[in-house]
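First the structure, in the form of structure tokens, and then the observations on it.
The values are calculated or read from the model by the stated rules, or taken from the named source; none is laboratory data. Since the model is a prediction, treat every value here as computed from it, not as a measurement. Note that each Cβ is placed from the backbone with ideal geometry, even for glycine, and that neighbours are counted across all protein chains shown. The accessibility values were calculated without ligands, DNA or RNA, using every heavy atom of the protein model including side chains. Shrake-Rupley method; radii C 1.70, N 1.55, O 1.52, S 1.80 Å.
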Amino acid sequence: MRATFFGFEIARRALFAEQRALDVTGHNIANANTPGFSRQEAVLRATEAYTVPGWNRPLSAGQVGTGVAVQEIRRYRDQFIDGQWRKENQLLGKWDTKKFALEKIEALVNEPSEAGITTVLEQFWEGLAELAKKPADQNVRAIVVQRSIALTEAINHTYNQLDELQADIVHQAGVKVSEVNSLAEQIARLNDQIHKIELAGDSANDLRDQRGVLIDQLSSLASIQISHEDRGLLTIRINGIPLIDGNTVQKLELKEYTSGADKYYRVVWAGTDTEAQLRGGELAGLLELSQSHTTPPGIIETFKAKLNDFAKALHDEVNNIHQSSAANPTYDLKGQPGGEFFTYSASVTGQEARFLTVNPALIANPDLIAAAAIPAVGDGSIALRLAQLQNTRVTIGSGAAAVNSTLDSYLESVIGELGVQSQEAIRMADNQKLLVEQIDNYRQSVSGINLDEEMANMVKYQHSYNAAAKLLNVMDEMLQVLINQIGR
Amino acid sequence: MRVTSGMIINRMIMNLNRNLSRLAKVQNQMSTGKIVARPSDDPSLATQGIRLQRELSQTKQYQANANDAQSLLDLTDTALTQIENILQRAKELAVAGANGTNPQEAREAYAAEIDQLKEQLVQIGNTAVGGRYIFAGTNYTTPPFVLNNGAVDYAPGFTGEMVAKIPATGTQLSLQPNIAYEVGPNVTVPVNLTAAQVFNLWPSSTATLYDPPALPLNKSMFAVLENLSGYLRSGNTGKISGESLKDIDDQLDHILTLHADVGARQNRIAQTLSRLADAETNLTELLSKTTDIDLAEATIRYSNEQAVYQAALMTGAKIIQPTLADYLR
């Protein structure tokens, strides 16, 4: 025996289900361009058929279907591809950051060009060569002083710019740490909300999408490991220590330490001194560039050290020749013994390049340049030795980093090394970008919206809706026959 | 594989960006004319370029030094020739004076001319170019000699030397070292002669302190001429023919030796200059080959990149436009 209004229920269920499916399709179309959005689908399932097996089972043919319902709204997302994308994105963040900074360093070094430091050095040697020929010529002496000033100023300037860049990057790192903390808080909140919703039995699709976007951003900043979730609660760790544990957050902090007169920075877990071991992400890149008092030293710190070594070697070798001593008498234009050629305007070890300067006595009076080895105004042998210093191998640097080379070659090798590091960073960044884009394509393939597909679905659900409405109509007409026409 | 419109648009944008950055790089190369704009473009090429530039600058400096040396040596050469002429004239006068048949008045005339010749020697000794006295050694801002009432003396302020009357044999003079210019890496060439060398102002007992090329004689050139003048005025023909002629010959030989040495130096400088000119040409060529772009090749590359870029734009435009909505009623 069939219930009278049985058919209405089937039609009603169909209408609701198709409408709901259309809603989901509409949601997909509306969010076609939303970043991080995953395709959703209303999963339709036939509702429980009638009859259930039992003692009082009716004797007509069974089971009869009872219509359709939306079982769940499924979100299309591949966890594995997500994990891969985030892993490669960390490397991209690190290399991209290094690439930008190294390009900036190349720009401030400004080689090869006609305005770079190698040109200034070359002119310094040329000035000395002219002095060797014409030691009594006032013009030539003035030129030597001017070119020496140009050289020291170029060295000072380059060092200062490197220093500023380093400070800038440390500042940037501070900003990124705040970003990490803020993202972590947002993710924790979303964790909480998703957990509550899914405990109640629903799929928190859009919230999960939002959380995915935030985790993507976090992966670009720091090297995170995401562990399997427990009913919506994720744990995100940095090198084993949890940053986000469900809905609690342990923040990071950029802490300043001092060592003597120097300041240096570390990224630590807030309130402690434990370093957060960041192996990838933008923060790792920024730290690799700017860190000091570490082994191995940061990239900028290494270049600053090399510049210091160069300045010190220049200062020491030139003064060795120029300054008068018992074994090496030198005389200036007035027949007085020569003093220092280069001095430091302030005495700070480890910052020779910043404070290297020409002896102010020489700037005030170029006659005091000691070009002669005997008290005769026309002797330029000391100036000749100074000019020949260009081709002399000297020891630059100290300890394990000491090398034996000419001053010019040392500078060239530093520039070459800068070029190699920058080239590597550019190459790695480009490769990573390609890789990340490739994986993103796979992600899109699984989760992205294809408008053609959605529109085809739209048509599909619309037809079903129309048919269900028609069914309702037919049922209604049949009942009318029953009600109005039988027994009249 | 399922393809979404987002994927297509993303890929198109990525590829356009890549094309554009390649295009920008070629355009930059063409406008600067250099292959390498930054060390990271090609580190080894960049450092090579810097090194070649440095070698070229050094070569040019050596050329300048060699040119300066050449002008100094040329001037010295001329001065020595003039001294030779004077000595020749003095010899003629000595021969004439030694001839007993000439009257004393003639000898007086000769003596007067010898005095004049001596003063000319002093002037030659004070030859200067550009404020630089070429025979003054390392005190080149002061002229070596002055004339005090016909007596030759060191100029006051000619430091390092004792101010003494010449010909005071037995007076020690301090060494006036040669001045040398650098014409190659650690290669120097001496560019001067000192007054003491030329006019023999050392006593022979200091021969061990002396620089080659010629050993000093017992008498200075001025002493020889002054003696001759004295003998002429006193009519001592025996001394003239016995001593003065020999002395003048010795001085002449001495000057000729020095002159030959200067000539040798001039040859060496000339060869050095020619070698440096070749080196400069070679280095310039090498530098250009290493660091400059081949404009023809770069232009072709540029057109290529442009064509690729335009093709990418065109196909991209065609593929992102049509959707199903265009075809559903």
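Things worth noting here:
For every residue, the table says whether it meets (1) closer than 23 Å to A:A188 by Cβ; (2) out of contact with any Leu (no Cβ under 6 Å at 6 or more places or on another chain).
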site: A:L243; (1), (2): yes, yes
site: A:E253; (1), (2): yes, yes
site: A:T258; (1), (2): no, yes
site: A:T274; (1), (2): yes, yes
site: A:E282; (1), (2): yes, no
site: A:Q291; (1), (2): no, yes
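- Look at (1) within 9 Å of another protein chain (Cβ to nearest Cβ); (2) surrounded by fewer than 17 Cβ atoms within 10 Å (Cβ to Cβ); (3) aliphatic (A, V, I, L, M) and you find that B:M7 fails only one, number (2).
- Considering segment A:349-375, the residues that are open to solvent by 10 Å² or more (accessible area, probe 1.4 Å) and closer than 24 Å to A:A326 by Cβ include one that is farthest from the other protein chains (Cβ to nearest Cβ), namely A:N359.
- Residue within segment B:73-94 that is within 14 Å of chain A (Cβ to nearest Cβ), touching a Phe, Trp or Tyr at 6+ places or on another chain (Cβ under 7 Å), crowded, with 18+ Cβ neighbours inside 10 Å and closer than 30 Å to A:K134 by Cα present: no
- Qualifying residue in segment B:31-40 (condition: farther than 22 Å from A:I105 by Cβ and surrounded by fewer than 15 Cβ atoms within 10 Å (Cβ to Cβ)): yes
- Verdict on B:G160 being at pLDDT below 80 and within 14 Å of another protein chain (Cβ to nearest Cβ): yes
- Where A:E437 falls short, out of the listed (1) surrounded by 21 or more Cβ atoms within 10 Å (Cβ to Cβ); (2) at the interface with chain B (Cβ under 9 Å from one of its Cβ atoms): (1)
- Across segment B:39-77, the number of residues qualifying as of a type outside the set (D, E, K, R) and more than 30 Å from A:A425 (Cα to Cα) comes to 18.
- As a summary of the residue check, B:A24 satisfies the conditions (1) assigned to a helix (DSSP H, G or I); (2) within 11 Å of chain A (Cβ to nearest Cβ); (3) open to solvent by less than 60 Å² (accessible area, probe 1.4 Å); (4) without any contact (Cβ under 8 Å) to a residue 12 or more places away in the chain except for the one numbered (2).
- From the list A:V120, A:V145, the lone residue that is of a type in the set (A, V, I, L, M), open to solvent by less than 40 Å² (accessible area, probe 1.4 Å) and away from chain B (no Cβ under 14 Å) is A:V145.
- Matching residues in segment B:28-72 - criterion: being facing chain A (nearest Cβ under 9 Å) and among the hydroxyl-bearing types (S, T, Y): B:S40, B:S44, B:T47, B:S57, B:Y62
- Within segment A:217-243, tally of residues that are open to solvent by 20 Å² or more (accessible area, probe 1.4 Å) and part of a helix (DSSP H, G or I): 2
- Residue match in segment A:186-194 (condition: acidic (D, E), part of a helix (DSSP H, G or I) and touching a helix residue (DSSP H, G or I) at 6+ places or on another chain (Cβ under 8 Å)): no
- Residue check for B:N28: among the polar types (S, T, N, Q) and out of contact with any Phe, Trp or Tyr (no Cβ under 7 Å at 6 or more places or on another chain): yes
- A:P53 away from chain B (no Cβ under 14 Å) and either farther than 30 Å from A:N431 by Cα or out of contact with any Lys or Arg (no Cβ under 9 Å at 6 or more places or on another chain) (or both): yes
- Of note, A:G448 satisfies the criterion of being crowded, with 18+ Cβ neighbours inside 10 Å, within 30 Å of B:I9 (Cβ to Cβ) and within 12 Å of chain B (Cβ to nearest Cβ).
- A count restricted to segment B:222-237 and to residues that are part of a helix (DSSP H, G or I) and either closer than 11 Å to B:A94 by Cα or not small (G, A, S) (or both) stands at 11.
Rundown of residues vs (1) open to solvent by 70 Å² or more (accessible area, probe 1.4 Å); (2) aliphatic (A, V, I, L, M); (3) touching a residue at least 40 places away in the same chain (Cβ under 8 Å), yes/no style:
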residue	(1), (2), (3)
A:E282	no, no, yes
A:H293	yes, no, no
A:L314	no, yes, yes
A:P329	no, no, yes
A:S345	yes, no, no
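- Residues that are touching a Gly at 6+ places or on another chain (Cβ under 6 Å) and surrounded by 14 or more Cβ atoms within 10 Å (Cβ to Cβ), drawn from segment A:17-50: A:G36, A:T47
- Unique residue being part of a loop (DSSP other than H, G, I, E, B), open to solvent by 30 Å² or more (accessible area, probe 1.4 Å), aliphatic (A, V, I, L, M) and modelled with pLDDT under 95 when the list is A:A61, A:A107, A:A136: A:A61
- Pairs are defined by a Cβ separation below 8 Å, a sequence spacing of at least 6 or placement on different chains, a first member in segment A:397-410 that is more than 14 Å from chain B (Cβ to nearest Cβ) and surrounded by fewer than 17 Cβ atoms within 10 Å (Cβ to Cβ), and a second member that is part of a strand (DSSP E or B) and polar (S, T, N, Q); the pairs so defined are A:A402/A:T395; A:V403/A:T395; A:N404/A:T395.
- Filter result for A:I382 (within 27 Å of B:P185 (Cβ to Cβ), within 10 Å of chain B (Cβ to nearest Cβ) and modelled with pLDDT of 90 or more): no
- Within segment A:244-286, being among the aliphatic types (A, V, I, L, M), at pLDDT 90 or above and not in a strand (DSSP E or B) holds for A:L283, A:A284, A:L286.
- Positions within segment A:376-386 being of a type outside the set (A, V, I, L, M), surrounded by 24 or more Cβ atoms within 10 Å (Cβ to Cβ) and under 58 Å from the mean Cα position of the chain (by Cα), in sequence order: A:G380
- Filtered residues of segment A:91-107 (kept if within 11 Å of another protein chain (Cβ to nearest Cβ) and hydrophobic (A, V, I, L, M, F, W, C)): A:L102, A:I105, A:A107
- For segment B:249-283, the tally of residues that are of a type outside the set (D, E, K, R), under 23 Å from B:L201 (Cβ atoms) and open to solvent by 30 Å² or more (accessible area, probe 1.4 Å) stands at 4.
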